[in-house]
Amino acid sequence: GVAGGLVVTVDKLGDLWATDPRTQESRKVNEDKYTHSRFLFGAGAEVYTIDQDGSLWATDVVAGTWRRLNDAGAFRDTVMGAMAGNELVTIETNGAIYATAPSGACRRVSTDNYSRTQLIFSGTTRFFTLENNNLYAVDPANGSCRQLGGPGDFANTRLGAGMDESFNFDLAAFS
């Protein structure tokens, strides 16, 4: 995950590391172990982890402190997730999609069923889903979505990443 401009990783021993890509310096964030973490997401100066038991934790990468955001096991049915701004967006096994604020407040994003989602990835103010080989941009504030491209245009997509929306370039220039 990326937090505060740092790249944050968990090594095979379960140690949480922060690396500054500019200086290439790394430091261990704290003495805690993250061996039970299934997911790692970054936003601002924090990283969010979901453990194997479904507990959601926030770790301040600068201070090295951590806190649980919800009840133990509240995220046990999470199958994938991504950051959208400062909210963690997760999809559950039943197709429900939720957004969780840094405070731990959780809300349902949409009543639509996301059980066919193949991939979810981050944007700065929205997130993106790949469903049935179609790519969608989703607004986490209200769940509205817009299809990008035509039907099946993303059939060969395996991975995705949202770019900073302030970055402006003309795709036509690449034609």
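The values are calculated or read from the model by the stated rules, or taken from the named source; none is laboratory data. Quantities reported herein were computed from a predicted structural model and do not represent experimental measurements. Here Cβ is always computed from backbone atoms with ideal geometry, including for glycine, and neighbour counts include all displayed protein chains. We work out accessible area using only protein heavy atoms, side chains counted, and drop any ligands, DNA or RNA first. Shrake-Rupley method; radii C 1.70, N 1.55, O 1.52, S 1.80 Å.
Conditions tested, residue by residue: (1) open to solvent by less than 50 Å² (accessible area, probe 1.4 Å); (2) modelled with pLDDT of 90 or more; (3) charged (D, E, K, R); (4) outside any loop (DSSP other than H, G, I, E, B).
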residue: 81; (1), (2), (3), (4): yes, yes, no, yes
residue: 99; (1), (2), (3), (4): yes, yes, no, yes
residue: 114; (1), (2), (3), (4): yes, yes, no, no
residue: 166; (1), (2), (3), (4): no, no, no, no
residue: 172; (1), (2), (3), (4): no, no, no, yes
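Report yes if residue 147 is modelled with pLDDT of 90 or more and open to solvent by 90 Å² or more (accessible area, probe 1.4 Å), otherwise no.
no
Please find, within the range 126-144, the residue that is nearest to residue 96 (Cα to Cα) out of those that are open to solvent by less than 50 Å² (accessible area, probe 1.4 Å) and part of a loop (DSSP other than H, G, I, E, B).
So, considering only residues that are open to solvent by less than 50 Å² (accessible area, probe 1.4 Å) and part of a loop (DSSP other than H, G, I, E, B), the one nearest to residue 96 (Cα to Cα) is 143.
Determine which single condition residue 43 fails, assuming it passes every other condition in (1) closer than 23 Å to residue 141 by Cα; (2) open to solvent by 20 Å² or more (accessible area, probe 1.4 Å); (3) at pLDDT below 95; (4) of a type in the set (A, V, I, L, M, F, W, C).
(2)
Looking at (1) of a type outside the set (D, E, K, R); (2) at pLDDT 90 or above; (3) under 13 Å from the mean Cα position of the chain (by Cα); (4) not in a strand (DSSP E or B), which is the one condition that is false for residue 162?
Against the list (1) of a type outside the set (D, E, K, R); (2) at pLDDT 90 or above; (3) under 13 Å from the mean Cα position of the chain (by Cα); (4) not in a strand (DSSP E or B), residue 162 comes up short only on (2).
Could you please find all residues in the range 46-67 being open to solvent by 40 Å² or more (accessible area, probe 1.4 Å), of a type outside the set (A, V, I, L, M) and touching a residue at least 24 places away in the same chain (Cβ under 8 Å)? Lay out the reasoning, then the answer.
First pass over the range 46-67, keeping only residues open to solvent by 40 Å² or more (accessible area, probe 1.4 Å): 52-53, 57, 60, 62-63, 65-67.
When the remaining residues are screened for being of a type outside the set (A, V, I, L, M), the result is 52-53, 57, 60, 65-67.
Correct list: 65, 66.
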